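Everything below concerns the one structure shown next.
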Amino acid sequence: TQATKSPVHFIDLAPEAESFEQAALAGLKAAKKTIPAKFFYDAHGSRLFEEICKQPEYYPTRTECRLLRDHGKDIGAAVGPDALVIEFGAGALEKVRLLLDGLDNPAGFVAIDISGDHLLLAAQELASELASANPDLDITAICADYTRLDALPAPLNTSPHRKLGFFPGSTIGNFSRADAVDFLKIMHHLLGPDGMLLIGVDLKKDPAILDAAYNDAKGVTAQFNLNVLRRLNTECGANFDLDAFRHVAFYNPDRNQVEMHIESLCDQSVTVAGTRIDFKAGERIHTEISCKYSIGEFADLARSAGWAPQQVLTDDQSLFSLHILRT
Ligand code: AVI
């Protein structure tokens with residue numbers, strides 16, 4: 001007999017997608033040009049990001065996966081039995097498989113993501129993979145903007161189980177420090193009085209390692225960065241010549257962050273949604289920050305959002321950290 005797929009509950013909170021055109025135009029008209037990093041992730045950009053994660057120079061993904069594998073039982077012991085796992089922003093859901101493996105009888109898994117179609121597919125795939133090992137695990141997919149959620153939808157809001165938030169990948173590094181504190185507060189509120197959070201945080205390190213990680217030899221990160229111009233061309237009637245711009249990424253030691261920019265190779269004018277945007281040779285569009293923290297700095301940041309740090313897991317080269325926090 002064929003194993004039947006465990007059903008995935010789908011809750012669509014119909015998040016209002018921010019207009020790419022409006023946000024990009026506002027950023028491109030500013031004195032210091034910017035485009036928000038969240039617009040990297042259309043279907044093509046998400047595939048490029050998955051490709052980045054496989055590059056030999058990009059250490060965060062494989063280091064974090066190794067930590068989840070090697071310390072699964074430690075995490076399970078810290079969390080205790082019957083936790084309801086809630087992942088904020090769910091990509092391929094590969095990391096949560098490793099987390100669920102180490103937990104003692106997880107009560108369920110909830111994935112929250114703004115891209116509903118992608119989320120549902122990933123959740124269904126997870127459900128069919130877990131069908132034999134963990135057939136009773138309840139899986140819920142919530143289509144929502146997790147940075148703006150003020151309450152979990154029913155019936156999760158009344159669940160008696162301890163809630164374990166999961167925010168891997170050092171995505172928190174892509175928030176400014178002020179926005180990181182705000183989002184840590186939102187998670188603190190959503191996960192409730194007995195809640196816990198397992199969060200991946202990339203560590204400060206030799207800038208040469210960081211520079212390599214964001215300038216991979218195969219040029220995948222460059223394609224990922226420039227993809228936002230391709231999106232403007234196809235979605236907003238822009239006419240960027242992708243060969244007239246280049247990818248720039250470096251560690252800024254004054255701000256403890258990797259920065260990504262797109263640099264114009266010449267004086268040029270581009271039209272975006274009917275508006276002319278002028279570039280000087282060497283002028284840059286700032287597209288991303290990726291903040292790097294010491295273990296102590298991140299623990300302090302978490303404390304300032306109301307969290308109590310419990311435990312930190314790190315690899316033997318101190319490349320990456322997983323913090324276990326309590327509400
Ligand atoms: C998703 N985020 C944690 C990645 C990072 O490392 O900041 C995005 C990325 N940008 C360039 N490479 C990867």
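The values are calculated or read from the model by the stated rules, or taken from the named source; none is laboratory data. Here the structure is a predicted model, which is why all the values come from computation and not from measurement. Ideal geometry is used to build each Cβ from the backbone, glycine not excepted, and the neighbour counts take in all protein chains shown. Surface accessibility is based on the protein's heavy atoms, side chains included, excluding ligands, DNA and RNA. Shrake-Rupley method; radii C 1.70, N 1.55, O 1.52, S 1.80 Å.
Skipping prolines and chain starts, which residues have an amide H placed within reach, meaning under 5 Å, of the one on Ala238, given they are 5 or more residues away or on another chain?
Amide H neighbours of Ala238, under 5 Å, 5+ apart: Asn233, Ala273.
Explain nothing, just the number: dipole magnitude of the stretch 25-141 about its Cα centre with +1 on each Lys and Arg Cβ and -1 on each Asp and Glu Cβ, in debye rounded to the nearest 20.
800
Please list, by residue number, everything in the stretch 95-131 whose backbone N is under 18 Å from a paramagnetic label point 7 Å out along Cα→Cβ of Phe10.
From the stretch 95-131, the list is 109-129.
Taking 8 Å as the Cα distance limit and 6 or more residues as the minimum spacing, I'd like the relative contact order of the chain as a percentage.
Rounded, it is 21 percent for the chain.
State whether the chain is rounded, prolate or oblate according to the following rule on the C-alpha gyration tensor (a ≥ b ≥ c being the square roots of its eigenvalues): a/c under 1.5 gives rounded; otherwise a/b larger than b/c gives prolate, and the remaining case gives oblate.
Prolate, because a/c is 1.5 or more and a/b exceeds b/c.
Would you mind pulling out the separation of the Cα centroids of the stretch 216-251 and the stretch 56-91, in Å?
31
Picking from Pro253, Leu265, Thr221, whose Cα lies most toward the positive end of the charge dipole for the stretch 214-265 (charges on Cβ: Lys, Arg +1; Asp, Glu -1)?
Thr221
Given R₀ = 35 Å, FRET efficiency for Leu265-Arg62 by Cβ-Cβ distance, to 0.05?
With a Förster radius of 35 Å, E is 0.55.
Find how many whole Å separate the alpha carbon centroid of the stretch 299-327 from the alpha carbon centroid of the stretch 99-120.
21
In percent, how large is the relative contact order of the stretch 165-297, given Cα pairs closer than 8 Å and 6 or more residues apart?
Contact order relative to length: 25 percent.
Rounded to the nearest 5, what % of the DSSP beta bridges within the chain are antiparallel ones?
Antiparallel bridges: around 55 percent, rounded to the nearest 5.
At 1.4 Å probe size, with every protein chain present, just tell me what the per residue accessible area of the stretch 47-101 comes to in Å².
On a per-residue basis, 42 Å².
For the chain, what is the mean residue ellipticity at 222 nm derived from helices alone (per DSSP H run of n ≥ 4: -39500 (n - 2.57); sum divided by total residues; nearest 500 deg cm²/dmol)?
Computed ellipticity for the chain at 222 nm equals -10500 deg cm²/dmol.
Per residue, how many Å² of accessible area does the stretch 203-256 show with a 1.4 Å probe?
Result: 47 Å² per residue.
Tabulate in residue order the Karplus-calculated ³J(HN,Hα) for the stretch 34-46, using 6.51 cos²θ - 1.76 cosθ + 1.60 with θ = phi - 60°, rounded to whole Hz; enter x for Gly and Pro.
Once rounded to whole Hz, the list reads 9, 9, x, 4, 5, 7, 5, 9, 7, 4, 5, x, 5.
Normalised by the residues of the stretch 108-189, what does the relative contact order come to in percent, with Cα pairs under 8 Å and at least six apart?
32
What is the percent carbon and sulfur in the accessible area of the stretch 100-207, measuring with a 1.4 Å probe over the protein chains and ignoring ligands?
That share works out to 50 percent.
Can you give the charge dipole size of the stretch 208-327 about its Cα centre, rounded to the nearest 20 debye, using +1 on the beta carbon of Lys and Arg and -1 on the beta carbon of Asp and Glu?
Charge dipole of the stretch 208-327: 300 debye, to the nearest 20.
If you plug each phi of the stretch 132-140 into the Karplus form 6.51 cos²θ - 1.76 cosθ + 1.60 with θ = phi - 60°, what whole-Hz ³J(HN,Hα) values come out, in order, with x for Gly and Pro?
These are the phi-based 3J(HN,Hα) values: 8, 6, 9, x, 8, 5, 7, 10, 10 Hz.
Over all directions, what mean area does the Cα convex hull of the stretch 189-299 project, stated in square nanometres?
Projected over every direction and averaged, the Cα hull of the stretch 189-299 covers 10.1 nm².
Let me check I've understood the local charge: for Ala107, count other residues with C-beta under 11 angstrom from its C-beta, Lys and Arg +1, Asp and Glu -1. What total comes out?
-2
Which value, in debye to the nearest 20, describes the size of the charge dipole of the chain about its Cα centre when Lys and Arg Cβ atoms bear +1, Asp and Glu Cβ atoms bear -1, and nothing else is charged?
Computed about the Cα centre, the dipole is about 440 debye.
Going 7 Å from the Cα of Asp74 toward and past its Cβ, which residues in the stretch 167-203 have a backbone nitrogen under 18 Å from where you end up?
It comes to 167-170, 197-203, nothing else.
In nm, give the distance between the simple-model label positions of Lys218 and Arg303, each being 7 Å from the Cα along the Cα-to-Cβ direction.
Going from the Lys218 label point to the Arg303 one covers 4.2 nm.
Please compute the length gained on full extension between Glu50 and Asp117, using 0.36 nm multiplied by the number of residues separating them and subtracting their Cα-Cα distance.
Contour length minus Cα-Cα distance gives 22.4 nm.
Report, ordered by chain and residue number, the aspartates and glutamates lying within cross-link reach of Lys32, taken as a straight Cα distance under 18 Å and ignoring same-chain residues fewer than 8 apart.
Result set, ordered by chain and number: Glu21, Glu259, Glu263, Asp267, Asp278, Glu283, Glu288.
Excluding Leu13 itself, calculate the net charge of residues whose Cβ lies under 14 Å from the Cβ of Leu13, where each Lys or Arg counts +1 and each Asp or Glu counts -1.
-4
Can you figure out the FRET efficiency of Asp254 with Arg276, using R₀ = 25 Å and their beta-carbon distance, to the nearest 0.05?
Given R0 = 25 Å and the Cβ-Cβ separation, E is 0.15.
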